[in-house]
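Step one of this worksheet: look at the structure below.
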């Protein structure tokens, strides 16, 4: 566990973590950093291909549907809702971490449950969006959408879209699974016995990272 | 006993202030997102603002959002400098990755445009190629 921070502490003289966090938390940070490079590589390759293309499909033409609204043209609305859901679930996650600091088991369980619900809601939205695009004829290797200048587009657009949002969705899925495992432990009283709720913090770091990646995916695919 | 007590009291104080900062961060993220979507709609409806300026704003605001998520939600702002540096320094490689790859993509596009079949060759190339054909 972390120790008190004093101004003149010698961090590298041994006897304690020079990073003032537990081993598990530090490794979670390093894992997230490496995962940032994975997502970064995917997004940069998407950017490279987009920069090398003479024209590219207009996202507002492609992503304009909303469940139950038929053919009404609603660009950005659905993805904004997804963004809101994910930000909200990040907030409930911090509140769970907070309740953990207070050693309030009931509150941790409550906020973890909301976070899991938010994650499932986000995944459901993504499942709907993918299904909708699939019905429109879009998939890996198939791109029914024209470029913004009216020329026929390559399949780069759909390949990158499904690969990157799919990889992100996979992260959300494993985040939901991890959250459920941690929630089960909270309910069992494992962390109460252990004396701290640091596992909630670690899984929280992962969950916020998933939110962070979505912020970039949202910008790169829907805004730019 | 006395010591533990002050510890708990301190913890309570921290709890109070940081729940406030959690909600503050939430509102910042929400307002920025709404602002971005609003700008996107302005552009769609009225063609407001040049595309490059709009993209610049979107990228900047994305970085602002990323800062708040990492600093507040992931609590990195409150960690010691050693941890902040060991996590953030390697990410500086992205600066070069982004510049290099996007510039490469752009140059690729220019080559494809200038060297596509049917494109009139620039004069210098044309002259040097002439003798080879005859």
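Every number in this text was worked out from the coordinates using simple rules, so none of it is lab data. All values reported here derive from a predicted model rather than from experimental measurement. FYI the Cβ positions are ideal-geometry reconstructions off the backbone, even for glycines, and counts take in every protein chain you see.
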What is the helix-to-structure angle for A:77-101, meaning the angle in degrees between its Cα long axis and the longest Cα principal axis of chain A, kept from 0 to 90 and rounded to the nearest 10? 0 degrees
If one compares the long axis through the Cα atoms of helix A:23-52 with the longest principal axis of the Cα atoms of chain A, the angle in degrees, nearest 10, works out at 10 degrees
To make sure I understand, if each residue's beta carbon is the centre and we count other beta carbons within 10 Å, what order do A:93, A:88 fall in, fewest to most? A:88, A:93
Treating the angle as unsigned and between 0 and 90°, give the value, to the nearest 10°, between the Cα long axis of helix A:198-217 and the longest Cα principal axis of chain A. 20 degrees
What ranking do A:13, A:154 get, fewest neighbouring Cβ atoms within 10 angstrom at the top? A:13, A:154
Where does the protein assembly as shown land at 222 nm, in deg cm²/dmol rounded to the nearest 500, when only DSSP H runs of n ≥ 4 count, each adding -39500 (n - 2.57), divided by all residues? -24500 deg cm²/dmol
Using Cα springs under 10 Å in a Gaussian network model of chain A, which residue among A:29, A:111, A:12 shows the largest mean-square fluctuation? A:12
Neighbour-count ranking [beta-carbon atoms within 10 angstrom, fewest first] of A:26, B:93: B:93, A:26
Over the Cα atoms of the protein assembly as shown, Rg to Rh with Kirkwood Rh, two decimal places? 1.06
Per GNM of chain A with C-alpha springs under 10 angstrom, the most fluctuating residue out of A:200, A:152, A:91 is A:152
